[in-house]
1. Residues of segment 504-515 being buried (at least 23 other Cβ atoms within 10 Å of the Cβ) and more than 22 Å from PRO683 (Cβ to Cβ), which ones?
2. Would you mind finding the one in LYS429, LYS450 that is over 28 Å from GLU365 (Cα atoms) and in contact with a helix residue (DSSP H, G or I) (Cβ under 9 Å, 6 or more places away or on another chain)?
3. Condition test on SER501, is it loosely packed, with under 14 Cβ neighbours inside 10 Å, of a type in the set (Ser, Thr, Tyr) and either within 28 Å of LYS673 (Cβ to Cβ) or modelled with pLDDT of 95 or more (or both)?
4. If a residue counts only when it is over 28 Å from THR273 (Cα atoms), which helices (runs of 4 or more DSSP H) contained entirely in segment 136-229 have at least 1 such residues?
5. Just give me the residues in segment 294-320 being outside any strand (DSSP E or B) and in contact with a helix residue (DSSP H, G or I) (Cβ under 6 Å, 6 or more places away or on another chain), in sequence order.
6. When segment 457-479 is examined, which residues are found to be in contact with a Phe, Trp or Tyr (Cβ under 7 Å, 6 or more places away or on another chain) and on the phi > 0 side of the Ramachandran plot?
7. Would you say THR355 is modelled with pLDDT under 95 and among the β-branched types (Val, Ile, Thr)?
8. Could you grab the pairs with beta carbons closer than 7 Å, sequence gap of 6+ or different chains, first residue in segment 45-64 and open to solvent by 50 Å² or more (accessible area, probe 1.4 Å), second one part of a helix (DSSP H, G or I)?
Amino acid sequence: MADQNKSEGIKKVCVIGAGVMGAGIAAQVANGGTPVLLLDIVKVGEADRDAVAKGAVAKLLKTDPAAFMSKAAAKLVETGNIEDHLERIAECDWVVEAIIERLDLKQSLYKRIDAERKPGTAISSNTSTIPLGQLVEGLPDSFQRDFLITHFFNPPRYMRLLEIVTGPKTDAALAAKVGSFCDLTLGKTVVRAKDTPGFIANRIGTYWMQQAVNQAMDLGLTVEEADAVLGKPLGFPKTGVFGLLDLVGLDLMPHINASMKATLPPGDAFHATNRDVPLIAKMITDGYTGRKGKGGFYRLNKAAGKVKESIGLTTGEYAPSKPVTLPSALAKDARALLASDDKLGQFAWKTMAPTLAYAASLVPEISDDIVGADTAMKLGFNWKFGPFELLDKLGPKAVAERLEKDGAAVPDLLRKLGEGTFYKIEAGKRLFFGTDGQYHEVKVPEGVLKLEDVKRVSQPLLKSGSAAAWDIGDGVVCFEFTGKMNALDEGVIGLLGKTLSLVKAKHKALVVYTDADNFSVGANLGLALFAANIAAWGEIERSISGGQQAYKALKYAPFPVVAAPAGMALGGGCEICLHSDAIQAHAETYMGLVECGVGVIPGWGGCGEMIDRWKSAPGMPKGPMPAVTKVFETISTATVSKSAAEAKELMFLRPTDGITMNRDRLLADAKAKALALVENYAPPPKPEFRLPSAGGKTAMDMAVDGFHKQGKATDHDVTVADALATVLSGGDYDLVDVVTEQQVLDLERAAFLRLLKTPQTLARVEHMLETGKPLRN
């Protein structure tokens, strides 16, 4: 559960409707550390009147990816039903309605809610199709003042976008309170949308998907060709459009289109692109609704030995999927792709030009400005660039001229822009083009600090090919990884040493952070494999020693160091966190020492740091064996936390470490934590370890032998676990009462080198580099 940035004013939430969205919203409220009451109907014939809500929570506990961030979060969800427990909404500060999309049922429920709630309780609907004006029609002004739409995206834990819609009578302070809670406690980026059909993301996204399907069919493309175009080359997820439809469910598309058709004005461009697709109708009838069904545009043919197949858009028949790779010149240049006169280029233009023009025509109808539209599409559909950012990449004037040449309407906003761009940098500030024809500063919310903004107005203090150091103000330096997947190499380790010297001489504190999706996947395995293949063992040993020395220098630096991981923090990326004075982690941090999975063990101090954490963990029994057992279980199985909250349970994070729910606030929170540690700072004392020696190693070996006999561990797993057990039990120091930190490092280094010399480990490393997946050999 989150323990930072709690919003004041909302202490308990009620969610009514325990379907996929309602239950997911309840789980995210609990993930934020707020108690939640989940209510649904009483199911006819059920002895347990709370069965529907209870069943929803039980299902969430089995969901993968997990809806709950921790077991403790799940305990914050209390279940009930609307017949026996509706009066309990009087305990709540916010009630979220997430029932079926029927206006009559929603209004009936609102009347019952209004009779039970305490004055000033916020009421919101998660509707994605019904206008707010219709939802509150005929209801008291007091209800309308407290009502708004809070449109979450599925799954609520992982999708950062929240569209908030207010009505003419909605109390601004109440809407701000809900928005603040969703930002700080639920981790959402709040975008204010207008009360129009589909709001922002679904309005643009539905048009884009329908246009893509139409053009792919008209031009005779395969689904692989369409997805190759509408994927990475344009900054869209690698699923492309047909893979996306499979993910969200084909059966959802006709419902959304029907809603748009019924609610959009007759002149809206959506109507021209909305058409029945017999193939999709047949697929739905046959149960091919996407990943949740028997398959969709893609399917896995298990009868043929798990062969990936795709459906022919003209034949309706499945055949083995044939991957498509675009020519390099088109894959890396969006302008060249849309200008290409082959069928792939035509598809790109005929899909994207109308979509971008549609988006431009909708501002300010759906959003006050282009920033809201761009943010909604980036977070709601995972586009790398919003439609206006994409227009800037393509050249707004060039797009407008080609639209005009094609006889298509050029939106007023695009015409008004002329030869300019929708965004520009001026005096270090990012400006956007407004509907008034003027440029305005893109405002950054209070409490948000982005490294990209720092970079816009400054130069790095230090830089290498894979790392950089930046002054983020108030005497704090940010150390950033910049290589592919933020893998750690000599460029990182070398610059870390220089950065520590710089901070010591001129600054107060250090934060280790990156704006990238993943903090760090660990050491650069490609370099290790290359060195091993040419038997450069001396070089490898120097590299291990260099990493150990750099991390210990960080740990014992005369100033505070705070690590701020988000996404994957694996191997050496996890170890740098373990050596920091404190960690401020994003809630979606997946942390672990995964080295055993590739046939080695942690080599940069991770073993000792984990022992030190576990031996001081609350409730840990005394003696050398309990802590070592926990560490052995965690490292030998390459366990990775599925959240920052779970990382606390695994002791990758200490009880005192912080968790930030909103990714945009992570750097500011880490900086604040570092500054809070500055006064009277002293480095930690060096730990001494009482390890279990030979007897403890025997116990660990016996546990692994049991897994080996059950077929759960391979021969090489046993070898790797034996090396780990040697380190954790004290190895050659088993006759010494106290083992020093340096001695544990020496054991780690020796075991790492010994394992890397085995052909089985080299095969695992090579397989991981080629496939991204572990090899069991």
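The values are calculated or read from the model by the stated rules, or taken from the named source; none is laboratory data. What you see is a predicted model; the values in this text were computed from it and never measured. Please note: Cβ atoms are built from the backbone with ideal geometry, for glycine as well, and neighbour counts cover all protein chains shown. The protein model used for the area step is the full one, side chains on, heavy atoms only, and it has no ligands, DNA or RNA in it. Shrake-Rupley method; radii C 1.70, N 1.55, O 1.52, S 1.80 Å.
1. THR514
2. Numbers: LYS429 fails: over 28 Å from GLU365 (Cα atoms).
From the options LYS429, LYS450, the qualifying one is LYS450.
3. yes
4. In segment 136-229, the matching helices (runs of 4 or more DSSP H) lie at 141-145, 172-184.
5. Applying the first criterion (outside any strand (DSSP E or B)) to segment 294-320 yields 294, 296-297, 302-306, 312-317.
Across segment 294-320, the qualifying residues are GLY296, PHE297, LEU313, GLY316.
6. Of everything in segment 457-479, nothing turns out to be in contact with a Phe, Trp or Tyr (Cβ under 7 Å, 6 or more places away or on another chain) and on the phi > 0 side of the Ramachandran plot.
7. Working: modelled with pLDDT under 95: no; among the β-branched types (Val, Ile, Thr): yes.
No: the conditions fail for THR355.
8. Pairs found: ASP48/LYS54; LEU61/ALA74.
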